[in-house]
Amino acid sequence: MRIRRILAAVIATAALAGLGLTGAATATAQGGGSGFTTPSQCREGGGEPYLHNTVKCWGGKYDGLTVD
């Protein structure tokens, strides 16, 4: 009986951890799109294009995407 409870707890923990990883991957995939954005799209999404060294969008919906 005790082994069943432990096994059930392990399976439940693994299932919850798996759902968390899947949710994070889905959120990342939805936020970005193709990996590139324009300066105007970056601003409309609530970010600010940082065009000095990294040419990335900082903040907002397109955070971390390359500005093209």
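Can you find, within the stretch 1-13, the residue that is modelled with the lowest pLDDT among those that are open to solvent by 60 Å² or more (accessible area, probe 1.4 Å) and not β-branched (Val, Ile, Thr)?
By that ranking, first place goes to Leu7.
Every residue, every condition in (1) assigned to a helix (DSSP H, G or I); (2) at pLDDT below 75; (3) of a type in the set (A, V, I, L, M); (4) surrounded by 12 or more Cβ atoms within 10 Å (Cβ to Cβ), yes or no:
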residue	(1), (2), (3), (4)
Ala15	yes, yes, yes, no
Leu21	yes, yes, yes, no
Ala27	yes, yes, yes, no
Gly31	yes, yes, no, yes
Ser34	no, yes, no, no
Arg43	yes, no, no, yes
Pro49	no, no, no, yes
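The values are calculated or read from the model by the stated rules, or taken from the named source; none is laboratory data. Model, not experiment: these values are computed from the prediction. Quick reminder, even Gly has a Cβ in these numbers, built from the backbone with ideal geometry, and neighbours come from all protein chains shown. All accessible areas refer to the heavy atoms of the entire protein, side chains included, with ligands and DNA or RNA removed. Shrake-Rupley method; radii C 1.70, N 1.55, O 1.52, S 1.80 Å.
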